[in-house]
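First up is the structure itself, then whatever we jot down about it.
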Amino acid sequence: MTVDELQRLGNDIRRHVLRAVHHAGAGHIGGVFSAADMLAALYFSELRIDPQRPHLESRDRFILSKGHCGIGLYAVLAMRGYFPVDELFTFDAIDSRLQGHPDMTKLPGLDMSTGSLGQGLSPGVGMALGARFLHSDFQTWVMIGDGETQEGQIWEAAFTAARYQLANLTAILDWNHLQQFGWPTSQGYAGVARRDPTESPAQKWRAFGWNVIECDGHDVADFRRACDRARRTLDRPTLILARTIKGKGISFMENDYTWHSRPISDEDLAAALGELDRADEPQRTRVERS
Ligand SMILES: Cc1ncc(C[n+]2csc(CCOP(=O)(O)OP(=O)(O)O)c2C)c(N)n1
């Protein structure tokens with residue numbers, strides 16, 4: 001699959017998410033859109049998976065530790081053929097398999113239930129250790145949020161992974177510089193600034209013994225190179241530090257934490273879908289020509 005095609009799939013994830021959240025009247029958007037291009041690259045290029053055999057023991061494992069972005073994962077799983085795309089319209093409905101946060105007991109293709117932030121890297125450590133015990137070469141990938149790294153359990157898992165030299169474990173840090181809330185001014189309030197959830201993540205993860213690779217999380221080619229380098233690192237776990245933009249792709253959502261989670265009006269849906277179509281136009285033309 002070409003970079004242009006993958007880039008377009010990232011926007012297809014965004015389209016599905018916009019429609020599903022609009023239909024449900026609730027849902028997370030900003031952090032899904034910062035992750036969308038990486039989710040497309042992972043599921044259509046990097047992960048060794050077979051949607052027909054979701055429980056295959058040798059499959060790569062993927063954990064969306066920032067589970068509030070589950071609708072993005074559902075979208076890419078549906079696009080990849082794990083379940084019908086139409087089911088995305090059941091998002092967040094009672095009895096749906098697509099709850100606000102991923103439930104691995106309900107939906108094929110989910111390797112872990114998540115939603116309580118901070119908890120996804122620990123099972124990733126367990127899976128990577130499991131691969132070692134089983135003499136299996138599957139890789140474990142865990143996506144975490146920068147706000148999420150304020151949780152202590154992340155650092156317990158990071159410490160353990162480095163201690164066991166889990167080179168088959170890769171964490172992807174969606175470094176979008178925003179979490180759920182912010183302060184109205186960049187100076188913060190009463191001396192407390194909360195604009196950026198974490199400072200110097202590269203230094204911190206290196207200090208914990210990880211290999212750190214920085215990349216642009218919206219440049220699929222750059223992200224794929226980072227994944228490749230992670231796979232070729234054989235002595236330590238890797239953190240892919242992906243520079244991203246919360247709300248990426250929609251002008252009025254980018255870098256605005258109020259789009260972390262909220263309903264979408266009919267007008268905003270139409271405007272957002274229009275922006276995505278215009279953004280895809282040059283790529284579509286290139287793909288059709290090639
Ligand atoms: C333990 C826990 N505390 C609080 C929340 C509520 N919550 C959901 S998303 C979020 C902010 C997450 O920020 P970040 O990790 O940066 O995610 P992103 O910006 O990528 O969406 C919070 C506080 C939660 N899900 N779990």
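Exposure proxy for LYS248, LYS66, LYS106: other Cβ atoms within 10 Å of each Cβ, ordered fewest to most, give LYS106, LYS248, LYS66. Suppose we keep just the DSSP beta bridges with both residues in the chain; what percent of those would be antiparallel, to 5? Percentage antiparallel, nearest 5: 10. Could you pull out every one of the lysines with an alpha carbon less than 25 Å from that of LYS204, ignoring same-chain neighbours closer than 8 positions? Excluding near neighbours in sequence, the set is LYS66, LYS246. Among GLU87, GLU275, GLU199, the largest mean-square fluctuation in a Gaussian network model of the chain, built with springs joining Cα atoms closer than 10 Å, belongs to GLU199. By the count of other C-beta atoms within 10 Å, a proxy for reagent exposure, LEU47, LEU117 are ordered fewest to most as LEU47, LEU117.
Here the residues MET112, MET253, ranked from fewest to most Cβ neighbours within 10 Å of their Cβ, fall in the order MET112, MET253. Hydrophobic long helices, here whole DSSP H runs in the chain with Kyte-Doolittle means of at least 0.5 and Cα atoms spread over 15 Å or more along the helix axis, are found at 30-41, 121-134.
Subtracting the Cα-Cα distance of THR2 and ASP235 from 0.36 nm times their residue separation leaves 80.8 nm of extension gain. The calculated 222 nm mean residue ellipticity attributable to helices in the chain amounts to -12500 deg cm²/dmol, summing -39500 (n - 2.57) over DSSP H runs of n ≥ 4 and dividing by all residues.
Bear in mind these aren't lab numbers, they're just calculated from the coordinates by the rules spelled out. The structure displayed is predicted, hence computed values, not measured ones. Please note: Cβ atoms are built from the backbone with ideal geometry, for glycine as well, and neighbour counts cover all protein chains shown.
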